[in-house]
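Since the structure comes first, as structure tokens, the remarks are kept for the end.
The values are calculated or read from the model by the stated rules, or taken from the named source; none is laboratory data. Here the structure is a predicted model, which is why all the values come from computation and not from measurement. Don't worry about glycine lacking a Cβ; one is built from the backbone with ideal geometry, like all the others, and counts go over all protein chains shown.
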Amino acid sequence: MSRALNSSVRAGLAVVSIALAVAACGKKEEAQQTQAPGAAAAEEKVLHVYNWSDYIAEDTIKNFEDKTGIKVTYDVFDSNDMLETRLLAGNSGFDVVVPSASFLERQIKAGVFQKLDKSQIPNLSNMDPDIQQRVALHDPNNDHAVTYLWGTTGIGYNVDKVKKILGDKPLDSWNQIFDPKEIAKFKDCGVSVLDAPDEILKVVLQWMGRDPNSQKDEDLTAAAEKLQLIRPYIRKIHSSQYIDDLANGELCVSIGWSGDILQARDRAEEAGQGVKVAYSIPKEGTIVWFDMLAIPADAKHPKNAHAFINYLMDPQVAANNTNFVNYANANAASFSLVSDEVKTDPGVYPTPEVKAKLFPSLAYNEQATATMARLWQKFTTGQ
Amino acid sequence: MSARAEAPRRHRHSAGVQLILDFLQGLPPYRWTQARLVRWGLTGRTLVTAVPYFWLLLFFLVPFIIVLKIAFAEARIGIPPYSPLLSWVDGSLAQIQLNFATFQNMVEDSLYWKAYLNSIKVAAISTVLCLLIGYPMAYAIARAQSTWRHILLMMVILPFWTSFLLRVYAWIGILKNNGLINNFLMWTGLIDQPIVMIQTDFAIYVGIVYSYLPFMILPLYSNLEKMDLTLLEAAADLGAKPFKTFLTITLPLSMPGIVAGSMLVFIPAVGEFVIPELLGPSDSLMIGKVLWQVFFTKRDWPAACAVAIALLLLLVIPIVLLQRAQAAEARGAHR
Amino acid sequence: MATNPRPQQQLAVWNDPQAVPYVHIDRVTKKFGDFVAVNNVSLKIYKKELFCLLGGSGCGKTTLLRMLAGFEEPTSGKIFIDGVDMTNIPPYERPVNMMFQSYALFPHMTVEQNVAFGLKQDGVAKDEIRTRVDDMLKLVRLSQFAKRKPHQLSGGQRQRVALARSLVKRPKLLLLDEPLGALDKKLREHTQFELVNLQEQLGVTFVVVTHDQEEAMTLSTRIGVMNAGEIIQVGTPKDIYEYPNSKFVAEFIGNVNMFDGRLIEDEPDHVRIDSPELGGTIYVDHGVSSAPDAVVSAAIRPEKIIISVDRPAQADNVAQGIVKEIAYMGDMSVYLVQLASGKVVRVTQPNTYRHAEDSITWDQTVYLSWHASSPVVLSE
């Protein structure tokens, strides 16, 4: 309840921030030039973090505060679009933000982030070189960001209700979502889709057997046409509320993010209402995405930001977060500290054969972004 | 003696302050500025009356011009996420580029038209519902005994003391499939399958009517409360039955209240975002949601500004109506 | 109680025991909580009368009127109009119209629409409504204002609209609550006569509530004087003025000099009252039925006292005093004369010829005399 409420509150605030951002836009270009990283010798002991909702262990912030004496203001979002809007408005006031790699890529180009001072992040040595290499695709030389957690986009479902509908047939294919005849079976028990247009279009293209990262108009339009066909069967398009809705049985099938769905599973267990939730990575393959810790160019507390990133890269801290949120981290040194239960969960750490079918999400150019947005608007409004 | 003669002019300030004022007023810049201001017709009084104009200028006109400016820019990925209108050619020549494509897109894309029309439809139906529910309530409060009247008014205003979002969110708990209403009905055995209420248009209307009802009741109440009751007696005396009296006297005389209340409901309901987002179906097509998507998903600030300007123009008409109704109300009060 | 016999009056309907009253108020009481607004009032009003309920504010006159209109229900007692019991009959079904003190014109309707309102409620045909409204507006001389709204009219015009609106339905009984109260003095006098003319012309029974005794005297066939929820006296203006039945009525209507005293001679054809205030006795040429030695008051109207410089040759009642104040009013002069006892007597004399007032001046010793028929003997 509280998380969805949180996002709604933010929704309200963001409307206000339109006006404020507009009024402030004149000043920020100068502001960002004058702020060099680590310029302030003695920083105020405060830090503003903007992270995804339900994306950190309960005690991480408190432990960091206790250890460093830095007071953390922690705010959350549930879509890359929201984050990007606030970053591009400038003067976001955040010191650490967590965009996905594909968004980070073009945000770097727009000059949103400052280069990391790697000397301030000794824990970088703990990073998994394989993943560092993968994200270098978006952030050459890993200059601007450190991988926080990574995961996949798949299908979460209510085990009992789906079993009632499908019998012994497993729910393990995009076809069961994107084929109107198939998805129709779930209509009455409730289907939700992430409000993340780029990811949904990409998995549809993957299902269609086309290049998932295609930026061609024809491909995007073709994917959108497929989506229109299943629109009547979708109850909700949302990127955070589905966790609770899956957990309490309001929804029965959701396209969601791996860790979120696994959290829904845990919450359902805790609630003890007899709801069982499971996560499935479709056999056609899906997106693997990386959420990146980065510091905005106009951050007022870059030194504290570096300290925070370094803290998150501590093997024990990283393991705790992974254990809590069910998302894999990119910290090689922490793997041994991750609990067996999580380590062996193929939803968190996919098996090698599943891993082979995962593909990265690449950044859209401006043209593709505009096309995507228009198509998505038509999809969400059912027009 | 001369000191005494000057005393009345000085009495407002302590000796020290007066000394400083005297000094400042003796300086050429002060005298020069004052002379200038007076020559421009700026006296203390005009400056005081200028305050509200300045306020309007600062908090309405300036933001509006900025929004207008962005609407004519082009979207891009960068900070700020739109192109500047003014660019320098050869470092000396200023060039203004106006991009009308945004407006053209808006006119051509039927999505916007549908969203505007649907928003107006939703707002209009909500307004009528608010009126149908709010009028009897306002009437009952206005005719209640004065001790009761304050309690009843308090009950109307009380929900404002909690967060708007929280109240809308509470409706999710009431309307959802395993929410209050469905659980109760299933417990009584009246239904065995939950009635789907959440994420329907019905829930949007419930949310809007619930949230904006006080805005309908309060102006209606203040109108009905002021009404001269002997007019109703006169109508009865002339042979009009109670319902006829209501139709021919009470209703027309409360028209200013009806218009004011309706506008107060209609105007915010047209641009409503939170209620359709939380309670409505995911495909609810309201301009507030479209604006949100244009801004946050498309990240197209010019388009978002254009949508906002069109919305503003759309609302100017009812606002003008509202002001005329209020002016009529004020004239009525003077009689 | 002292009763003063009066000359035989013309035969009026209210003196005819066979006559059937049009409005019959039968022992009506109205309470608001503990407050008794109207206390056991009985009253008979006859067709074509112009009956005034006269009293100060809060005397219950308006409440009584509102009960006639049906806006209030009596706590006990009954009201009959044209023989029909009005209990439980709502205002809109009563054969009665009312003209409100505030006029209660509908501000959103034109003059024409206001006047037509009542006819529309009765389902009168459109053409007939038009002619009747036109006729009525002509009658009150407002034809050229037909399309105006009430707030575009003067006070007097509004009053006439209100009158037209209440008369257009040709009610048998018209109730008027302070009909002239909101008008200035000049207009009020003019309108008074208009009202009376209209009433006679249309033959409608009027019940008028007023606090203005002059208005009541001018308008009415009969007056009911009210005080504290009760009717004190009912009678023609002349009755009320010349033969008040109580000190309250005598003092409420016009000016009066009240001499307190003791009955010393009580004969069938005359009485004599010893009044220390007067410094002598008052001779009254009619008998009163009262206990001997009773404490009574003799009420004498100022205009019935003759003021003279010389002692009148023969008069039943003479007193001597000193002129303390003279007010020249044009048509008459008012003298305040102080008697030896200190009591100040008010005397008015018409200025029947020019400089009539000049013969009497301040601090002059004068003689006051009055006819033996003039005093009214009151016991309370």
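Taking the criterion of being closer than 30 Å to residue A:271 by Cα, touching a Lys or Arg at 6+ places or on another chain (Cβ under 6 Å) and assigned to a loop (DSSP other than H, G, I, E, B), would at least one residue in region A:242-253 satisfy it?
Quick first cut of region A:242-253, residues closer than 30 Å to residue A:271 by Cα only: A:242-253.
Filter once more, so that each one left must be touching a Lys or Arg at 6+ places or on another chain (Cβ under 6 Å): A:247, A:252.
Next, only the ones that are assigned to a loop (DSSP other than H, G, I, E, B) stay: A:252.
Within region A:242-253, one or more residues are closer than 30 Å to residue A:271 by Cα, touching a Lys or Arg at 6+ places or on another chain (Cβ under 6 Å) and assigned to a loop (DSSP other than H, G, I, E, B).
Quick one: is residue A:77 touching a Ser or Thr at 6+ places or on another chain (Cβ under 9 Å), under 25 Å from residue A:199 (Cα atoms) and within 14 Å of chain B (Cβ to nearest Cβ)?
yes
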Of the conditions (1) over 30 Å from residue A:260 (Cα atoms); (2) modelled with pLDDT of 90 or more, the single one that residue A:31 does not satisfy is (2)
Go through region A:130-164 and report how many residues are surrounded by fewer than 15 Cβ atoms within 10 Å (Cβ to Cβ) and assigned to a helix (DSSP H, G or I). 6
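Answer with yes or no whether residue A:124 is touching a strand residue (DSSP E or B) at 6+ places or on another chain (Cβ under 8 Å) and within 14 Å of chain B (Cβ to nearest Cβ).
Working: touching a strand residue (DSSP E or B) at 6+ places or on another chain (Cβ under 8 Å): yes; within 14 Å of chain B (Cβ to nearest Cβ): no.
Taking the combined requirement at face value, the residue does not satisfy it.
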Given the conditions (1) surrounded by 21 or more Cβ atoms within 10 Å (Cβ to Cβ); (2) out of contact with any Ser or Thr (no Cβ under 7 Å at 6 or more places or on another chain); (3) under 30 Å from residue C:32 (Cα atoms), and given that residue C:230 satisfies all but one, which numbered condition is not satisfied? (1)
Name, by its number, the condition in (1) closer than 30 Å to residue B:115 by Cα; (2) more than 12 Å from every other protein chain (Cβ to nearest Cβ); (3) among the aliphatic types (A, V, I, L, M) that does not hold for residue B:172. (2)
Of (1) modelled with pLDDT of 95 or more; (2) of a type outside the set (Val, Ile, Thr); (3) crowded, with 24+ Cβ neighbours inside 10 Å, residue A:258 fails just (1)
Please find, among C:287, C:330, the residue that is touching a residue at least 12 places away in the same chain (Cβ under 8 Å), closer than 23 Å to residue C:351 by Cβ and part of a loop (DSSP other than H, G, I, E, B). C:330
Per the filter on region B:263-277, residues within 11 Å of chain A (Cβ to nearest Cβ) and of a type in the set (A, V, I, L, M) are B:274, B:275
Determine which member of the set A:202, A:164 is basic (Lys, Arg) and either at pLDDT 95 or above or within 20 Å of the chain's Cα centre (by Cα) (or both). A:202
If you go through region B:186-202 one residue at a time, do you hit one that is over 25 Å from residue B:280 (Cα atoms), of a type in the set (A, V, I, L, M, F, W, C) and touching a Ser or Thr at 6+ places or on another chain (Cβ under 7 Å)? no
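For (1) within 13 Å of chain A (Cβ to nearest Cβ); (2) basic (Lys, Arg); (3) within 30 Å of residue B:196 (Cβ to Cβ), each residue gets a yes or a no:
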residue	(1), (2), (3)
B:223	no, no, no
B:238	no, no, no
B:260	no, no, no
B:279	yes, no, yes
B:303	yes, no, no
B:321	no, no, no
B:324	no, yes, no
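Inside region B:163-182, can you point out the residues that are assigned to a helix (DSSP H, G or I) and more than 16 Å from residue B:194 (Cβ to Cβ)?
We begin by selecting, within region B:163-182, every residue assigned to a helix (DSSP H, G or I); these are B:164-175, B:180-182.
Correct list: B:164, B:165, B:166, B:167, B:168, B:169, B:170.
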Apart from one, (1) in a loop (DSSP other than H, G, I, E, B); (2) away from chain B (no Cβ under 14 Å) all hold for residue A:92; the odd one out is (2)
Within region A:365-383, considering residues that are more than 10 Å from chain B (Cβ to nearest Cβ) and out of contact with any helix residue (DSSP H, G or I) (no Cβ under 6 Å at 6 or more places or on another chain), the one modelled with the highest pLDDT: A:368
Please work out which one of (1) within 23 Å of residue C:334 (Cβ to Cβ); (2) of a type in the set (A, V, I, L, M); (3) surrounded by fewer than 19 Cβ atoms within 10 Å (Cβ to Cβ) is the condition residue C:305 fails and give its number. (3)
State whether one or more residues within region B:249-256 are within 15 Å of residue C:113 (Cβ to Cβ), of a type in the set (Val, Ile, Thr) and within 11 Å of chain C (Cβ to nearest Cβ). yes
